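Shown next, in structure tokens, is the structure this report addresses.
The values are calculated or read from the model by the stated rules, or taken from the named source; none is laboratory data. Computed from a predicted model, the values in this text were never measured in an experiment. Cβ atoms come from the backbone with ideal geometry, glycine included; neighbour counts cover every protein chain shown. We work out accessible area using only protein heavy atoms, side chains counted, and drop any ligands, DNA or RNA first. Shrake-Rupley method; radii C 1.70, N 1.55, O 1.52, S 1.80 Å.
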Amino acid sequence: MYVKKLMTTLGIDPARLEMFNLSAAQGPRWAEICTQFIEKMRAFGPSPIADGLRKQKCV
Amino acid sequence: MIVGTQKPFPEIWEMVQGFKRVLVFGCNTCVAICHAGGGKEAEILATMLRMKAAEEGVAIEVKDLAIQRHCEPEYFDQVIEEVRGYDLVLSAACGVGVNFLTQRIGKVPVYPAINTSFYGAVPKAGVFVELCAGCGNCVLHLTGGICPIARCSKSLMNGPCGGTDKGKCEVSKEIDCAWYLIVERMKELGTLEKLGEIQPPRNWATARDGGPKRIVLEHIAEEETAEVKK
């Protein structure tokens with residue numbers, strides 16, 4: 001929650017961060033979460049920080 | 001201890017505009033306890049500034065550093081040259097630290113990253129309450145160990161005002177009425193009759209109204225001077 005609040009302060013969507021509790025024995029579940037999260041992030045597009053850095057490089 | 005809270009991030013971001021090399025300088029004593037300006041918070045703030053700079057496409061170098069205490073020279077001496085190498089020092093210490101560093105740093109500006117709030121205690125993790133106003137003329141022996149200067153919203157010296165309500169202050173239901181607490185405490189101690197004595201108007205010269213204060217312990221200050229002369 002604290003880090004999500006900091007992200008909001010910086011204008012970054014807090015949904016870009018999630019925490020999951022898993023045991024070391026839950027490999028398949030871990031893979032499933034990673035796949036879902038990657039799909040979610042693809043839909044979000046690049047982070048504002050990546051955009052800023054790209055612009056900086058172009059300048 | 002001294003309690004503070006970090007300034008709103010947009011205010012801090014505004015402060016650093018135009019500077020190329022910024023140091024977020026934390027203090028690991030009081031303001032670390034209240035999670036406002038210790039090494040950990042300095043590191044987080046420096047990271048946030050770097051992220052914001054990346055987001056905005058601003059070229060700025062932000063580093064962080066922390067020492068144990070910003071109010072004594074011994075702790076500064078080891079790092080002062082490094083600190084002088086920046087364009088701006090964003091001090092995460094209390095106002096004392098900002099002032100003291102300003103006196104020692106030379107031409108580098110020192111800006112505050114936190115708002116220094118009060119002298120307080122930590123009744124439980126994450127909660128800080130003001131218990132002393134540093135007024136320079138302690139009356140706790142007359143009031144059962146509960147300070148009417150810091151803890152009564154009006155700093156009354158002879159009992160509660162008409163705004164006391166079931167032990168709470170009219171300013172907020174979150175604030176205990178200091179005079180309610182004083183009466184209850186003195187009943188408990190069997191010293192309630194002491195409150196019958198009227199306290200005369202206070203001399204506020206020992207508090208803020210008396211101007212900046214200075215205390216010199218001659219037996220220590222003189223020894224120190226002699227040591228330096230040797």
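What whole-number distance in Å separates the alpha-carbon centres of segment A:7-59 and segment B:24-56?
When both Cα centres are located, 23 Å separates them.
Which value, in Å² rounded to 10, gives the accessible area of B:Glu130 with a 1.4 Å probe and all protein chains present?
80 Å²
Could you work out what % of the accessible surface of chain B is carbon and sulfur, using a 1.4 angstrom probe and leaving DNA, RNA and ligands out of the count?
55 percent
In degrees from 0 to 90, rounded to the nearest 10, what is the angle of the helix B:218-229 Cα long axis to the longest principal axis of chain B?
It works out to around 20 degrees.
Nearest 100 Å² is fine: how much accessible area is buried between B and A, summed over both sides, with a 1.4 Å probe? Numbers along the way, then the final one.
Working: alone 13800 and 5050 Å², together 17910 Å².
Roughly 900 Å² of accessible surface disappears when B and A pair.
Which Cα, out of B:Ala113, B:Ile67, B:Ala53, lies furthest along the positive dipole direction of segment B:49-119 (beta carbon charges, K/R +1, D/E -1)?
Comparing the listed Cα positions along the dipole, B:Ala113 ranks first.
Hey, what angle do you get for helix B:95-105 against the long axis of chain B, alpha-carbon based, 0 to 90 degrees rounded to 10?
For B:95-105 against chain B, the angle is about 40 degrees.
Given H placed on each backbone N at 1.01 Å, which residues far from B:Ser91 in sequence or on other chains put an amide H within less than 5 Å of it?
Under 5 Å from the amide H of B:Ser91 lie the amide H atoms of B:Phe25, B:Tyr111, B:Ala113, each far enough along the sequence or on another chain.
How many percent of Cα pairs in segment A:1-52 exceed 17 Å? Spell out each step's value before the answer.
Details: 631 of 1326 pairs.
Roughly 48 percent, rounded to a whole number.
Considering only DSSP beta bridges with both partners in the protein assembly as shown, what is the antiparallel share in %, to the nearest 5? Working shown, then result.
Details: 12 of 26 bridges.
Taking every DSSP beta bridge within the protein assembly as shown, about 45 percent pair in antiparallel fashion.
Take the residue pairs A:Lys55/B:Lys63; A:Lys40/B:Lys52; A:Lys5/B:Lys154; A:Lys5/B:Lys52; B:Lys63/B:Lys124; B:Lys124/B:Lys173 and return only those whose Cα atoms are more than 25 Å apart. If you can, show how the numbers build up before the last one.
Numbers: A:Lys55/B:Lys63 23 Å; A:Lys40/B:Lys52 23 Å; A:Lys5/B:Lys154 35 Å; A:Lys5/B:Lys52 14 Å; B:Lys63/B:Lys124 32 Å; B:Lys124/B:Lys173 19 Å.
The pairs that break the limit, which is 25 Å between Cα atoms, are A:Lys5/B:Lys154; B:Lys63/B:Lys124.
Put +1 on the Cβ of each Lys and Arg and -1 on the Cβ of each Asp and Glu in chain A; which of A:Gln56, A:Tyr2, A:Gly27 then has its Cα farthest toward the positive end of the dipole?
Going by the charge dipole, the pick is A:Gln56.
Count charges around B:Ala121 for me, please; just the other residues with Cβ under 13 Å from its Cβ, Lys/Arg as +1, Asp/Glu as -1.
Values: positive: B:Lys124, B:Arg151; negative: B:Glu130.
Here the count lands on +1.
With a ≥ b ≥ c the root eigenvalues of the C-alpha gyration tensor of the protein assembly as shown, is it rounded (a/c under 1.5), prolate (a/b larger than b/c) or oblate? Don't skip to the end; give the middle numbers.
Working: a/c = 2.66, a/b = 1.49, b/c = 1.78.
Since a/c reaches 1.5 but b/c is at least a/b, the shape of the protein assembly as shown is classed as oblate.
Using the Cα centre as the reference, give the magnitude of the dipole from point charges on the C-beta atoms of the protein assembly as shown (Lys, Arg: +1; Asp, Glu: -1; all else neutral), rounded to the nearest 20 debye.
Details: 35 positive and 34 negative charges, 136 e Å.
The dipole of the protein assembly as shown has a size of about 660 debye.
Report the accessible area of B:Cys94, computed with a 1.4 Å probe over the heavy atoms of all protein chains in place, in Å² rounded to the nearest 10.
Per-residue accessible area (B:Cys94): approximately 20 Å².
Using only Cα atoms and rounding to the nearest 10 degrees, what angle (0 to 90) does helix B:39-56 make with the longest principal axis of chain B?
50 degrees
I need the shape label for segment B:106-177. Rule: rounded when a/c is under 1.5, else prolate if a/b > b/c, else oblate, with a, b, c from the alpha carbon gyration tensor. Before the final figure, lay out each step's value.
On the way: a/c = 2.32, a/b = 1.78, b/c = 1.30.
Since a/c reaches 1.5 and a/b is larger than b/c, the shape of segment B:106-177 is classed as prolate.
Looking at chain B, what % of its DSSP beta bridges pair antiparallel, to the nearest 5? List each step's numbers first, then the result.
Working: 12 of 26 bridges.
In chain B, DSSP labels about 45 percent of beta bridges as antiparallel.
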